[in-house]
Each structure stands twice: as C-alpha cells, then as structure tokens.
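Read through the structure below, which is laid out as structure tokens, and then see the notes.
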Amino acid sequence: MGMQDCYAVPYIGLTYLDSDVNVHFTQSGTGFLYSTYNANSKDSAGIVMGFDVMPSLLSWYILSFELRLINETAFTLSGTMKF
C-alpha cells in the first residue's frame, strides 16, 4: 500500500436514543389550539454501520457513508476536508 492508494475503513457500532417530545401550537389572539404533537422513541437501541473512504494518505478529503436500519431508517453521506 502506497501513499496514493484508496483506503476504505468500515465500522459498526451501537446507538442509544431516548427522547420524548410534546409540542403544541396556539393562536396568540384567541388562544385556540392549532396542533398538538406527542412523540417518543419506540426502540431506543440500534446498530449503525458505515465506512469512510479516503482517496490517499495525502488526501485532503474523506467521504463517509453511514446506514441505520434497526431502530430507524436513515442513510448519511458526508464529506470532510482537512485543513
């Protein structure tokens, strides 16, 4: 492996999320209730999988791909620039 090789670093981890949200909106003039929203997390534990791609050891850029499918459905694509 040289300085110009492409590197992919896989990872896996555990996630924990515990949230409870209670939101309501009212009209300021008359006090009527527009909307009420209650939400909480059903499955608090999950697994995250992903990998980072670095074009070379001297590269200024790193791309990250992340996938969550156990307790949520999410895909994340991000980029990092070193300076």
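Name the residue that is surrounded by the fewest Cβ atoms within 10 Å (Cβ to Cβ), counting only residues in segment 59-83 that are free of Cβ contacts under 8 Å to residues at least 24 places away in the same chain and in a loop (DSSP other than H, G, I, E, B).
Ranking the candidates gives Phe83 first.
Given the residues Thr30, Thr36, which is the only one that is more than 25 Å from Ala74 (Cβ to Cβ), in a loop (DSSP other than H, G, I, E, B) and either open to solvent by less than 50 Å² (accessible area, probe 1.4 Å) or at pLDDT below 70 (or both)? Quick ask: steps written out before the conclusion?
On the way: Thr36 fails: in a loop (DSSP other than H, G, I, E, B).
From the options Thr30, Thr36, the qualifying one is Thr30.
The values are calculated or read from the model by the stated rules, or taken from the named source; none is laboratory data. Predicted model, so just to flag it, every value in this text is computed and none were measured. Every residue, glycine among them, receives a Cβ derived from its backbone with ideal geometry; neighbour counts consider all protein chains shown. Keep in mind that these areas ignore ligands, DNA and RNA; they rest on the heavy atoms of the full protein, side chains included. Shrake-Rupley method; radii C 1.70, N 1.55, O 1.52, S 1.80 Å.
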